[in-house]
1. Normalised by the number of residues in the stretch 24-97, what is the relative contact order in percent for Cα pairs under 8 Å and 6+ residues apart?
2. Using Cβ contacts closer than 10 Å as the measure, can you line up 106, 17, 59 from fewest to most?
3. By its C-alpha gyration tensor, with a ≥ b ≥ c as the square roots of the eigenvalues, how is the stretch 80-147 shaped: rounded for a/c under 1.5, else prolate for a/b larger than b/c, else oblate?
4. I'd like the Kirkwood hydrodynamic radius of the stretch 1-74, using the inverse of the mean 1/r over distinct C-alpha pairs, in Å.
5. Report the per residue volume, in Å³, of the convex hull enclosing the C-alpha atoms of the stretch 2-146.
6. Quick check on the chain: helices-only [θ] at 222 nm, where DSSP H runs of length 4 and up contribute -39,500 (n - 2.57) each and the sum goes over total residues. Nearest 500, please.
7. In percent, how large is the relative contact order of the stretch 2-146, given Cα pairs closer than 8 Å and 6 or more residues apart?
8. Which whole-angstrom value gives the distance between the alpha carbon centres of the stretch 48-94 and the stretch 105-138?
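Values quoted throughout were computed directly from the atomic coordinates according to the rules given, and no laboratory measurement underlies them. Quantities reported herein were computed from a predicted structural model and do not represent experimental measurements. Here the Cβ positions follow ideal geometry from the backbone for every residue, glycine too, while neighbour counts run over all protein chains shown.
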Ligand code: DQA
């Protein structure tokens, strides 16, 4: 089973940016942890991060026929990007959206995720552990689809 892990804008700054919100872990450290748990379950991960909306749309489109599911943190694009939502709808793969912070506890403009409307489910607010839970949920959904 193969999963694309797609990370949106400013997530390359984790460990530096607003540590009181996002914690001290870097994106690389989060990916290392995910790799370890994925390996135990025979899951292969492909990591991608971009600060550019169009590159994220391209990566989602490339997922069609190359991976079994998408784990995505669209970051700020969650709240603005119809293009990313449309790309997710177009490929129609099992998709889990994750957020490190609890977007419902934050500014009003973060409390709506446009992209979440194209996801199977959303996990928000558990720090880097959101990625771990997202991976477990997505692995489960893909197994059910494949069965
Ligand atoms: C985020 C929440 C977004 O509102 C924000 O723009 C991010 C990160 C999160 O993981 O908590 O960059 O997606």
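1. Values: 47 pairs, mean separation 21.8, N = 74.
With pairs under 8 Å counted, the relative contact order is 29 percent.
2. Details: 106 14, 17 11, 59 20.
The most exposed by this proxy come first: 17, 106, 59.
3. Details: a/c = 3.20, a/b = 1.25, b/c = 2.55.
Since a/c reaches 1.5 but b/c is at least a/b, the shape of the stretch 80-147 is classed as oblate.
4. Values: mean 1/r = 0.0768 Å⁻¹.
By the Kirkwood definition, the hydrodynamic radius is 13.0 Å.
5. On the way: hull volume 13.3 nm³, N = 145.
Taking the convex hull of the Cα positions in the stretch 2-146, it is 92 Å³ per residue.
6. Working: 5 runs with 56 residues, N = 147.
Value at 222 nm, helices only: -11500 deg cm²/dmol.
7. Details: 265 pairs, mean separation 37.4, N = 145.
Across the stretch 2-146, relative contact order equals 26 percent.
8. What the calculation gives is 14 Å, centre to centre.
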